[in-house]
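Have a look at the structure below, then the notes.
The values are calculated or read from the model by the stated rules, or taken from the named source; none is laboratory data. Because the structure is predicted, anything quoted here is derived from the model rather than measured. Cβ placement follows ideal geometry from the backbone for every residue including glycine, while neighbour counts extend to all protein chains displayed. We work out accessible area using only protein heavy atoms, side chains counted, and drop any ligands, DNA or RNA first. Shrake-Rupley method; radii C 1.70, N 1.55, O 1.52, S 1.80 Å.
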Amino acid sequence: LGLDMEELEEVEEDAGLGNGGLGRLAACFLDSMATLGLAAYGYGIRYEYGIFNQKIRDGWQVEEADDWLRHGNPWEKARPEYMLPVHFYGRVEHTAAGVKWVDTQVVLALPYDTPVPGYMNNTVNTMRLWSARAPNDFNLRDFNVGDYIQAVLDRNLAENISRVLYPNDNFFEGKELRLKQEYFVVAATLQDILRRFKASKFGSTESVRTVFDSFPDQVAIQLNDTHPAMAIPELMRIFVDIEKLPWNKAWDITRKTFAYTNHTVLPEALERWPVDLVEKLLPRHLQIIYEINQRHLDHIASLFPNDVERLRRMSLIEEGGTKRVNMAHLCIVGSHAVNGVAKIHSEIVKTQVFEDFAELEPEKFQNKTNGITPRRWLLLCNPGLAELIAEKIGEDYVKDLSQLTKLQDFVDDDLFIREVAKVKQENKVKFALYLEKEYKVKINPSSMFDVHVKRIHEYKRQLMNCLHIITMYNRIRRDPTKLFVPRTVIIGGKAAPGYHMAKMIIKLINAVAHVVNNDPVVGSKLKVIFLENYRVSLAEK
């Protein structure tokens, strides 16, 4: 058609449905599971607005709404036939027939399916994202609402649940809408999982109760941080209140089903929901959490009599000031496995942050060091290097990175070393041209590219990098004739809109860049670029 593929790719919007490492891990996991041929599903929310677009104006970050669905999304397929109800608010009734959650507000969860192809293996898995819809009788079944127009306009209140991604990375903001989002994805997903489990009983026509003993053998649910932690009391509610299983049976199945990945040990990032908010939004779930906690604390008290301090530390409920539910504690108690995402991180999880829990059940705590998918982050974005490697060791390494050790045979192969250097130089030239086009700064493609791209946060130390830039600048100024390896320092990333210090760091980097890049004494020895709107498509470049 006479169209340039690379130009066409630039037109497609990123699906910016995550913040940082946690969302990146989820996306890489889906690719990995499909490539391994596992029957796996990724569940999440189909946010209408993803992570904001970042504009740099006068050195400051300015946020713009990410209207990523404006031109439609060709990869998704709406599945209205699998739409499910999700309940909020209401009250709990204790009847002879058992516990009932009544007078709730209903929001419908409409699934959108996106295919996740494995690498050259005829596997295509599904990512299912839920969108919030108001039921058609929303605010109208209420006979006292005479204002029909207002009732229809109020449908937005329900549909706001899937409107926008909260843009905080590694920071907990205890907002009601956020808790609604967390329960929304959990409730819809668990109904979906149970429907699929019940349908899988071949030839089963029995309307009698399902036997759930095999549930953990057929279903594994991985909690990506504590954000879906309400899945634990929700599954208990389904088993106990609806399927009428005895508590201990339900709890045994639940624990065998869930595993929890911890992503951070920063205290300000840990989810601690006020009890009053949980009680208002999900009254039955709070009761179930209290019951889980009671049995959990009884068990600890039996092992450590009179150790009230230990009970306080290990409780799912934090007393003092406003009572809060510690979601990490809920995840640890409700899962059969807990992992960190790097060796040092997993050690800190075991020996510091959750040491009481690790002392109780050391076998529960594991490490799973994060990787990134080599399909996207080598083959797709660096075809030159991928091809060069394949010429030497074959193509199988793409599905088994341990085979890269075969390259050790070629460390003294001068031709190969030169070819690798050539591919790298070509990539640097290409990126230098991109930077020059976008930032109007002349880049030396032979300089060392010093890249620091990730969310802007104090613990990620972009400020230290900036101090290093200033140090190098001062050294060049002091003695311009002294040998200096030329550098291009590239820093990029978004700051949460409410994170003042992170925004100041961006402004500082841009102010330093302005001085360094316009100093004739420095010339091409040192250049500084703050990359605007860092995102997956830019990371690939």
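When the charge dipole of region 343-448 is built from unit charges on Cβ atoms (+1 for Lys and Arg, -1 for Asp and Glu) and taken about the Cα centre, the candidate among Gly371, Pro445, Thr405 whose Cα reaches farthest toward its positive end is Pro445.
Per-residue ellipticity at 222 nm from helix content only, as computed over the chain with -39500 (n - 2.57) for each DSSP H run of at least four residues, stands at -12000 deg cm²/dmol.
A crude spin-label estimate for the pair Leu433 and Ser402, with each label 7 Å from Cα along the Cβ direction, gives 4.1 nm. Of the solvent-accessible surface of region 443-540, computed with a 1.4 Å probe and all protein chains present, 59% belongs to carbon and sulfur.
In a DSSP loop and with at most 16 other Cβ atoms within 10 Å, the trypsin sites (Lys or Arg not before Pro) in region 481-532 are Lys482. Taken over the alpha carbons of region 49-165 as equal point scatterers, the Debye sum produces base-10 log I(q)/I(0) values at 0.15, 0.16 Å⁻¹ of -0.93, -0.98.
For region 443-540, the Cβ-based charge dipole about the Cα centre amounts to some 180 debye (Lys, Arg positive; Asp, Glu negative; other atoms uncharged). Simple rule: put +1 on each Lys or Arg Cβ and -1 on each Asp or Glu Cβ in the chain, find the dipole, and look at Asn326, Gly72, His299; the Cα lying farthest toward the positive end is Asn326. Label zone of Glu363 (point 7 Å out along Cα→Cβ, amide N under 13 Å): in region 313-340 this covers 336-337. In plain terms, the chain from Asp113 to Gln352 could stretch by 82.0 nm, reckoned as 0.36 nm per residue minus the Cα-Cα distance. Dividing the convex hull volume of the alpha-carbon atoms in region 192-278 by its residue count gives 119 Å³ per residue.
Against the chain, whose longest principal axis comes from its Cα atoms, helix 500-517 is set at around 10 degrees. The modelled label-to-label distance between Ile470 and Asn73, using points 7 Å beyond Cα along the C-beta direction, is 4.3 nm. For the chain, the relative contact order works out to 13 percent when only alpha carbon pairs closer than 8 Å and six or more residues apart are counted. For the chain, the solvent-accessible area of protein heavy atoms averages 53 Å² per residue (probe radius 1.4 Å; ligands and nucleic acids excluded).
If you fit an axis through the alpha-carbon atoms of helix 21-35 and take the longest principal axis of the Cα set of the chain, what angle between them do you get, 0 to 90°, nearest 10? Between helix and principal axis, roughly 80 degrees. List the relative contact order of region 443-540 as a percent without decimals, with contacts defined as Cα pairs under 8 Å and 6+ residues apart. The value is 37 percent. Each label point was placed 7 Å from the Cα along the Cα-to-Cβ direction; for Leu483 and Asp213 their separation is 7.6 nm. Inter-part distance, region 205-279 to region 25-84, computed on C-alpha centroids, equals 25 Å. Using Cβ point charges alone (K and R +1, D and E -1), the dipole size of region 193-371 about the Cα centre works out to roughly 620 debye.
Please check which bits of region 487-504 a label hung off Glu540 would reach, taking the label as a point 7 Å along Cα-to-C-beta and the cut-off as backbone N under 19 Å. Residues 493 qualify, since their backbone N sits under 19 Å from the label point. Overall, region 374-424 carries a charge dipole of about 340 debye about its Cα centre when +1 sits on the Cβ of Lys and Arg and -1 on the Cβ of Asp and Glu, all other atoms neutral. Remark: relative contact order (region 258-366) = 36 percent; criterion is Cα-Cα distance under 8 angstrom and separation of 6 or more residues. Longest segment of the chain with no chymotrypsin sites (Phe, Trp or Tyr not before Pro) in a DSSP loop having at most 14 other Cβ atoms within 10 Å? After excluding every exposed loop site, the longest remaining stretch is 203-483. Legend: calculated FRET efficiency, Asn518 to Ala421, from the Cβ-Cβ distance at R0 = 41 Å, rounded to 0.05, equals 0.85. The Stokes-Einstein estimate for region 374-424, based on a Kirkwood radius over Cα pairs and taken at 10 °C with 1.306 mPa s viscosity, is a diffusion coefficient of 142 µm²/s.
Compactness check for region 34-83: Cα Rg over 2.2 N^0.38 Å is 1.72.
The length gained by stretching the chain between Glu81 and Leu157 to full extension, at 0.36 nm per residue less their Cα-Cα distance, is 25.0 nm.
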